[in-house]
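Okay, structure first, notes after.
The values are calculated or read from the model by the stated rules, or taken from the named source; none is laboratory data. The structure presented is a predicted model; accordingly, all values stated were derived computationally and were not measured. Quick reminder, even Gly has a Cβ in these numbers, built from the backbone with ideal geometry, and neighbours come from all protein chains shown. Quick note on the areas: whole protein, heavy atoms, side chains included, nothing else; ligands and nucleic acids left out. Shrake-Rupley method; radii C 1.70, N 1.55, O 1.52, S 1.80 Å.
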Amino acid sequence: MTKLLTVSPARCIGCRTCEVACAFRHLEDGVPGRSRVQVRAVGRDVWVPLLCLQCEEAACVKACPVFALWRSSTTGAIDVQPERCVRCNACVPACPFGNMSVESADKAVIKCDVCGGDPACARFCPTRALEYIEV
Amino acid sequence: MLNLDVNGRRVTVPKASTLLSAIRAAGFDVPTLCHHEAVEPYGACRLCVVEVRERGRSKTRVVTACNYPARAGLQVETESEAVLETRREVLDLLLARCPGSEVIRGLAAEAGLHRSSFPPDRNRDDCILCGLCVRICEKLGFSAIGMAGRGAHREVAAPLKEAPPDCVGCGSCARVCPTDNISLVDRDGMRSIWGRDFELVRCASCGRAYITREYQASRVEGSGLPAEHFELCDECSRARLAKTMFAHMALGPDAREEASDD
Ligand code: FES
């Protein structure tokens, strides 16, 4: 069964718990990482949590000159292979949804990896605006 | 698949793995400087030394893990006396060559070395001649820089030691350099590297600069993606996505239910 991380913006209350959960799940040397999910206000009291859509024909994968991005056979998500990334950052503007990020210039790019199959954002979302469900 | 022992721990790795990946698969690690997964192993820095005993042999050897094949029945030690001694010797030499490099100094200190037993070379930069920048540049298809000179005069340089005409300013060389020896400066929408100045493309919406025009053109061609893909920065692309989703939400709760039902 494939599981998908789904977004239901109508349920989002803008609490940003997902951002904190993501940052702490991606701890490195005890320092929270940059969140892979970002909540944006799009109107008065209207929020949208944004994260990687794990596109079929992913632009990030095409933009990478060294094949440092590929789809995980276990989660179906597109994973960055940090040891292969040469930090050219071509994938960052290439993603039409802005879901590739640079955490620091001398580190590999980062993106949502659905936490290897147990996404922290969905687990901690109090309103099920983010859900990890079977499809 | 094949089995080998790392520090007494059994590990199974695919055939054609390197010793380094077997060591990491077993949950251990060795320091590396010239190794990068995007390019073929090269064995230049000699820091990844380990001690191995082949199946059926009594003698052990010290080899570089990054370019040594993982073989069935191999017994590997990553922290033996011989390994620590060899690693210290390698660091002693690196420290004499690059006494100013923080990375080298840190690795040497970990090995218990605070100053080199050789006279330090104070006139040199922090290049350890590992060639990683050259190999990455070649891998990306530009080959703008290369190795020049021989012996003590060997160095990384562009043809004729001039500003490299084939460089597109992608900056990968500077960012993979293990000793941070390649200068890359982004300022006022321009990138300076290897004695050349490149114009950085600005995000069509917010004006933030992020990639050189030359590298953008090269990736448009190499990826087959339409050029518009590279026009917005990640922030502005996200803002656009948020708007699209908002427009979808604005269809009203009934339409939303229907949309989420299918
Ligand atoms: S990492 Fe093996 S020789 Fe440099």
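Observations
- The strands (runs of 3 or more DSSP E) located wholly in region A:1-116 that include 2 or more residues which are modelled with pLDDT under 95 and within 14 Å of another protein chain (Cβ to nearest Cβ) occupy A:3-7, A:38-43, A:46-50.
- B:R57 passes every criterion in (1) within 16 Å of the ligand (Cβ to nearest atom); (2) on the phi < 0 side of the Ramachandran plot; (3) open to solvent by 10 Å² or more (accessible area, probe 1.4 Å) apart from (1).
- Those residues of region B:27-44 which are near the ligand (Cβ under 6 Å from one of its atoms) and among the hydrophobic types (A, V, I, L, M, F, W, C), in sequence order: B:L33, B:C34, B:A44
- Enumeration of residues in region A:70-86 that are buried (at least 22 other Cβ atoms within 10 Å of the Cβ) and not β-branched (V, I, T): A:C85
- Picking from residues in region B:61-76 that are open to solvent by 60 Å² or more (accessible area, probe 1.4 Å) and more than 16 Å from the ligand (Cβ to nearest atom), the one that is nearest to B:A44 (Cα to Cα) is B:R71.
Residues checked against (1) away from chain A (no Cβ under 14 Å); (2) open to solvent by 50 Å² or more (accessible area, probe 1.4 Å); (3) away from the ligand (no atom under 12 Å from the Cβ):
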position	(1), (2), (3)
B:V6	yes, no, yes
B:R9	yes, yes, yes
B:A16	yes, yes, yes
B:R46	yes, yes, no
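- Cβ pairs under 8 Å, 6+ apart, first in region B:65-85 and in the same structural domain as B:T32 (by TED's automatic domain parsing) and β-branched (V, I, T), second in a loop (DSSP other than H, G, I, E, B) and more than 16 Å from the ligand (Cβ to nearest atom): B:V76/B:N7; B:T78/B:N7
- Screening B:R88 against (1) within 30 Å of B:G141 (Cβ to Cβ); (2) open to solvent by 60 Å² or more (accessible area, probe 1.4 Å) leaves a single unmet condition, (1).
Here's the yes/no breakdown for (1) loosely packed, with under 14 Cβ neighbours inside 10 Å; (2) more than 30 Å from A:F67 (Cβ to Cβ):
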| site | (1), (2) |
| --- | --- |
| B:R115 | yes, yes |
| B:C133 | no, no |
| B:G151 | yes, yes |
| B:P165 | yes, no |
| B:V168 | no, no |
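- Pairs meeting the criteria (first residue in region B:26-40 and facing another protein chain (nearest Cβ under 9 Å), second residue within 11 Å of the ligand (Cβ to nearest atom), beta carbons under 7 Å, at least 6 apart or on different chains) are B:H35/B:L20; B:H35/B:P41; B:H35/B:C48; B:H35/B:C66; B:H36/B:L132.
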